[in-house]
Structure formats: C-alpha cells, structure tokens
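Notes for the one structure printed next.
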Amino acid sequence: MDSDTIYQEALSRVHQVLERARATDLPEPTAGVLATVGPDGWPAARTVLLKELDHQGAVFYTNRNSRKGQHLAANPRAALCFHFQPLYEQVEIRGVVAAVSASEADHYWAQRERLSQLGAWASHQSDPLASRHELEARLEEVESRFPERVPRPPHWSGYRIIPSSIELWSAGDGRLHQRERYEHRPDGWSHFLLNP
C-alpha cells in the first residue's frame, strides 16, 4: 500500500469513528481535548470542537489571543484527543499547526449563531475577569455596535493540525486494548500496531 493510500485509510477510519459517535447520545460528539505546550514549557489541555477533518488536517476555531493561541504562536505543535466513552474508542491526532485561510475562517464565522459571534468580540479569552458584570457590559456594548451583521474579529480564526500521526484505540477485555498508529515518517506514511 502506498503512502497516500495509508493516510487516506487513516482519515477514513477516523471519519467512521466520528459517525459512530454522532449516532450515540453524546451531546458534543466532535469535542476533543487539545494539548499544547507554552513558551514556559508547561503543558495545557482544554476542550475544542472539531469543525473539519480532511486530507489537509483537523480544524478548530478560537480566539488567537487566548492561552492556546499564545501557545501555538510560540510552539505550533499540538495533540487532539477524542474519547468516545459509549463506543469505548479513542482517537488521537498529533501534528504541526497552521492557521486556516481568511476565507475559510470567514466561511465558518458566517455559520455561527449571532450570540456566539457577539461573544467572540466581548470575551477577552483567557484574561482575568473582575466580575461577570464586566463581561455582560462588554456584550451589551458589542450588541449596540453591531445591530445587524457581526463581522469576524481580527483576533478570531481557525487552526489546522496537519497530522504527523493518527492513533486509534479501542477497549479490549483484560486491558488488552487494540492500538494502531498511522505515522508520517521521512519516507511517507506507515501503519503499525502498538502494545496496549
């Protein structure tokens, strides 16, 4: 099997897991834990929503001034892990992170609910907040500033994790789980099993 076929197989298998997750009662089947490392060397993890997965990679959107945005500016590498408890399955995607294009960000922004758009302007994500009233006051100000169309803030956009590895895990009896990794090496993509 050639390298591109191996990579396409990995992506197809992730899509299959996501489809199975969407068929469960999980309220957010595309929620995954994003892990980054800051300039100080400390790791951080938080939940993001996967908005797209194609041959270019896995896309999520956020405030670029947030802690995750600052981490990715300093160290553009990340891991995104999905644990689908009802399925007893897990997927991890690791790779280099790049910004999505402005047109991609604009396209997704236009699909967001108005309140989510306003919130992206009002929230200084990850900064200390003196009180909830402070946030609500900024939200009111933004609502009056944008009575109709809400433009995309310059600090809000998306990131794409360009996979260097994709790992699939499924639970097995006696902790003898099934672990498989698709990994990009200098000579292309490979596929192998891992000990559980």
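The values are calculated or read from the model by the stated rules, or taken from the named source; none is laboratory data. Please read these numbers as outputs of a predicted model, since none were measured by experiment. Note that each Cβ is placed from the backbone with ideal geometry, even for glycine, and that neighbours are counted across all protein chains shown. Calculation scope for accessible area: heavy atoms of the full protein, side chains included, ligands and nucleic acids excluded. Shrake-Rupley method; radii C 1.70, N 1.55, O 1.52, S 1.80 Å.
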Within the accessible area of the chain (1.4 Å probe), percent carbon and sulfur:
51
For the chain: relative contact order, % (alpha-carbon pairs under 8 angstrom, 6 or more apart)
24
Quick one: go through region 140-181 and flag any residue whose amide nitrogen is under 11 Å from the point 7 Å out along the Cα-to-Cβ line of Val96.
162-164
What whole-number volume per residue, in cubic angstrom, does the convex hull of the C-alpha atoms of region 1-115 give?
135
Simple spin-label model, 7 Å along Cα-to-Cβ: Trp42 to Leu176 in nm?
4.3
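Can you show me the helix-derived [θ] at 222 nm for the chain, built from DSSP H runs with n ≥ 4 at -39,500 (n - 2.57) apiece and divided by the number of residues, rounded to the nearest 500. Could the numbers behind the result be given before it?
Numbers: 5 runs with 61 residues, N = 196.
Here the helix-only value at 222 nm equals -9500 deg cm²/dmol.
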To the nearest 0.05, how large is the calculated FRET efficiency for Glu19 and Leu49 if R₀ is 25 Å and r is the Cβ-Cβ distance?
0.95
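With a probe of 1.4 Å, find how much accessible area the chain has per residue, and write the answer as a whole number in Å².
On the way: 11190 Å² over 196 residues.
Here the per-residue accessible area is 57 Å².
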If you fit an axis through the alpha-carbon atoms of helix 3-22 and take the longest principal axis of the Cα set of the chain, what angle between them do you get, 0 to 90°, nearest 10?
60
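Taking 0.36 nm per residue of separation and subtracting the Cα-Cα distance, what length does fully extending Leu139 through Gln8 add? Present the calculation step by step, with values, prior to reporting the outcome.
Numbers: separation 131, 0.36 × 131 = 47.16 nm, distance 4.32 nm.
Roughly 42.8 nm would be gained on extension.
Could you state the orientation-averaged shadow area of the convex hull built on the Cα atoms of region 71-131, in nm² to one decimal? Could you put the intermediate results ahead of the total?
Values: hull surface 28.2 nm².
If you wrap the Cα atoms of region 71-131 in a convex hull and average its projections, you get 7.1 nm².
Taking Rh as the Kirkwood radius, which is the inverse of the mean 1/r over Cα pairs, what is the Rg/Rh value for the chain?
1.02
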Loop-located GluC sites (Glu not before Pro) in region 53-139 whose Cβ has at most 15 other Cβ within 10 Å (DSSP):
Glu113
For the chain, the longest principal axis of the Cα atoms and the Cα long axis of helix 132-145 enclose an angle in degrees, to the nearest 10, of 70
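How long are the three semi-axes of the equivalent ellipsoid for region 81-169, computed from the Cα gyration tensor as the root of 5 times each eigenvalue, in whole Å, largest first? Walk me through the numbers before you get to the answer.
Values: eigenvalues 205, 63, 34 Å².
Taking √(5λ) for each Cα gyration eigenvalue gives 32, 18, 13 Å.
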Under the Karplus relation 6.51 cos²θ - 1.76 cosθ + 1.60, θ = phi - 60°, what is the ordered set of whole-Hz ³J(HN,Hα) values for region 154-169, x standing for Gly and Pro?
x, 8, 10, 6, x, 10, 10, 8, 8, x, 10, 7, 9, 10, 10, 10
Computed Rg/Rh for region 45-104 (Cα atoms; Rh = Kirkwood radius) stands at 0.97
